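The values are calculated or read from the model by the stated rules, or taken from the named source; none is laboratory data. Quantities reported herein were computed from a predicted structural model and do not represent experimental measurements. Cβ sites come from the backbone with ideal geometry, for glycine too, and all protein chains shown count toward neighbours.
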Amino acid sequence: MSFPSRVRAAWVVAIAVVLTFGFAQRMSAQDDVVHIVKGVVKSVDKGTKTMVVKTTDGTEHTIKWTDKTAVAGGKDVGDAVSEGSKVSVKYTEKAGEKTAIGVKDAGKATAKAVQ
């Protein structure tokens, strides 16, 4: 193998590594997209740590929460949110499962803004 062919082979390997790494980063970034849904809480299940949020167009979103889910006041989501509450939920979705990152009681924020 002559020197120029070794250099070419090294370049081909380097390009393949960079492309593979870039593809992996892109796929990983797609999983971390944050969505926001606003609506009224239809139900809360503390046992399974899930809530159903119904939007104005009638779509129902089942969203789970974890101990890491942020809520104003530092409360647990199950204690801070109740049926009929107007909420704004930031969530990620992996394999069709929506997991809340943060939950905000939109009804209280609107009331404060009006006062």
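In segment 52-77, which residues are modelled with pLDDT under 95, closer than 13 Å to residue 105 by Cβ and surrounded by 15 or more Cβ atoms within 10 Å (Cβ to Cβ)?
71, 77
Regarding residue 94, is this residue basic (Lys, Arg) and either modelled with pLDDT of 90 or more or within 15 Å of residue 52 (Cα to Cα) (or both)?
No: the conditions fail for residue 94.
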